[in-house]
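> Right, I'll just put the structure down here and ask away after.
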Amino acid sequence: MLSKLFVKCLNCNTTHFISFLRHAHYVCSKCGFHFRIEAPTRIKRICDRGTFFELDADLRSSDPLDFPQYRQKVAAAMAATSLNEAVLTGIGKINDHRTALAVFEPRFLMASMGSVVGEKITRLIEYATDHSLPAIFIICSGGARMQEGIFSLMQMAKTAAAIKRFHDRHLLLVTVLADPTTGGVTASFAMLGDIIIGETSALIGFAGPRVIQQTIGQVLPPGFQTAEFLLEHGMLDLVVQRKNLKPVLATILRIHEQRPYDQGGEAHV
């Protein structure tokens, strides 16, 4: 994705050397456009050095519908990313705060949610529930993986049920919505965070603007489905520039650790 010597900003066409862009958190210095970045890069920038260990790395997609060319597409994504699926899950520390972490990989079929993605998210939340850990999801996904049909859509209910049990333990879920966060991912766990953060200018929604406009027969307002628009209309809690994401998450985790609750969820008075 960002392996060339230089890359052009998709928003303003400014050309950046990759070496300089890396130091700028992969954000355009002219217009502030946030480039999509790989899951391993995000983990390095969020977690304290050497603290992340991966869970369920060996889970791989099947082909339940025998969808044409699906196996070949998955194999190509695996070769391109050196990953087995579209999300990395594990445990890491953010400024010494231990947390469960799920980070989506946009190079892997646009991080679409198939059965394995749903299973990895569910297992991570169950691990966090059992070990009383907060959880952070960094999401960049085109939505459900329709090559798996209803098996993909079932992940919406499965992940939501796991998060309900997690919330019943009064544990913290923070979801970070990067560009894009759409479809069945938005309709499920992406919007179930206790704190929902949008990256600057991220596209966030269920259906695309054209589909919505044609359905309701109205002209949509400027900036519709951007993180800033959703913040203004109460759908997000924060919009955060990428360079500030780690300190913001660390502050949230620190505040959460100081909450006056025991593991049973009863307040100390």
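> For residues in segment 43-59 being charged (D, E, K, R) and closer than 23 Å to Asn244 by Cα, which is farthest from the chain's Cα centre (by Cα)?
Arg49
> Go through Ala128, Ala162, Ala79 for me and flag whichever is assigned to a helix (DSSP H, G or I), assigned by TED's automatic domain parsing to the domain that holds Cys47, within 20 Å of Glu54 (Cα to Cα) and without any contact (Cβ under 8 Å) to a residue 12 or more places away in the chain.
Details: Ala128 fails: without any contact (Cβ under 8 Å) to a residue 12 or more places away in the chain; Ala162 fails: without any contact (Cβ under 8 Å) to a residue 12 or more places away in the chain.
Every option except Ala79 fails the conditions.
One line per residue, one yes/no per condition, for (1) within 24 Å of Leu83 (Cβ to Cβ); (2) of a type in the set (D, E, K, R):
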residue: Cys12; (1), (2): no, no
residue: His23; (1), (2): no, no
residue: Arg45; (1), (2): yes, yes
residue: Arg60; (1), (2): yes, yes
residue: Leu65; (1), (2): yes, no
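> Restricting segment 214-228 to residues that are touching a strand residue (DSSP E or B) at 6+ places or on another chain (Cβ under 9 Å) and free of Cβ contacts under 8 Å to residues at least 40 places away in the same chain, which is nearest to His97 (Cα to Cα)?
Glu228
> Of these, His131, His97, which one is more than 17 Å from Thr41 (Cβ to Cβ) and out of contact with any helix residue (DSSP H, G or I) (no Cβ under 8 Å at 6 or more places or on another chain)?
Result of the check over His131, His97: His131.
> Identify the residue in segment 118-138 that is of a type in the set (Ser, Thr, Tyr) and farther than 14 Å from His97 by Cα and, among all such residues, is nearest to the chain's Cα centre (by Cα).
Applying the filter and picking the extreme gives Thr122.
> Take Thr14 and decide whether it is without any contact (Cβ under 8 Å) to a residue 60 or more places away in the chain, surrounded by 12 or more Cβ atoms within 10 Å (Cβ to Cβ) and outside the structural domain of Ala250 (by TED's automatic domain parsing).
Judged against the criteria, Thr14 is a match.
> Residues being more than 15 Å from Leu101 (Cβ to Cβ) and among the aliphatic types (A, V, I, L, M): count how many of those fall in segment 38-63.
Final tally of qualifying residues: 1.
> Here is a follow-up. From the list Ala128, Ala111, which residue is farther than 27 Å from His256 by Cα, surrounded by 18 or more Cβ atoms within 10 Å (Cβ to Cβ), among the small types (Gly, Ala, Ser) and touching a strand residue (DSSP E or B) at 6+ places or on another chain (Cβ under 6 Å)?
Selected residue: Ala111, the only one of Ala128, Ala111 that is farther than 27 Å from His256 by Cα, surrounded by 18 or more Cβ atoms within 10 Å (Cβ to Cβ), among the small types (Gly, Ala, Ser) and touching a strand residue (DSSP E or B) at 6+ places or on another chain (Cβ under 6 Å).
> On to the next question. Among the residues that make up segment 132-151, is at least one of them touching an Asp or Glu at 6+ places or on another chain (Cβ under 8 Å), among the hydrophobic types (A, V, I, L, M, F, W, C) and closer than 23 Å to Ala207 by Cα?
Yes; the residues of segment 132-151 include at least one that is touching an Asp or Glu at 6+ places or on another chain (Cβ under 8 Å), among the hydrophobic types (A, V, I, L, M, F, W, C) and closer than 23 Å to Ala207 by Cα.
> Which one of the conditions (1) crowded, with 22+ Cβ neighbours inside 10 Å; (2) closer than 19 Å to Leu236 by Cα; (3) over 12 Å from the mean Cα position of the chain (by Cα) does Leu203 fail to meet, given that it meets all the rest?
So Leu203 meets the others, but not (1).
> Let me ask you something else. Here are Val211, Val248: which of them is more than 19 Å from Val103 (Cβ to Cβ) and assigned by TED's automatic domain parsing to the domain that holds Ile94?
After applying the criteria, what remains is Val211.
The values are calculated or read from the model by the stated rules, or taken from the named source; none is laboratory data. Fair warning: this is a prediction, and the values are worked out from it, not measured in the lab. So basically every Cβ, Gly included, is an ideal-geometry build from the backbone, and we count neighbours across all protein chains shown.
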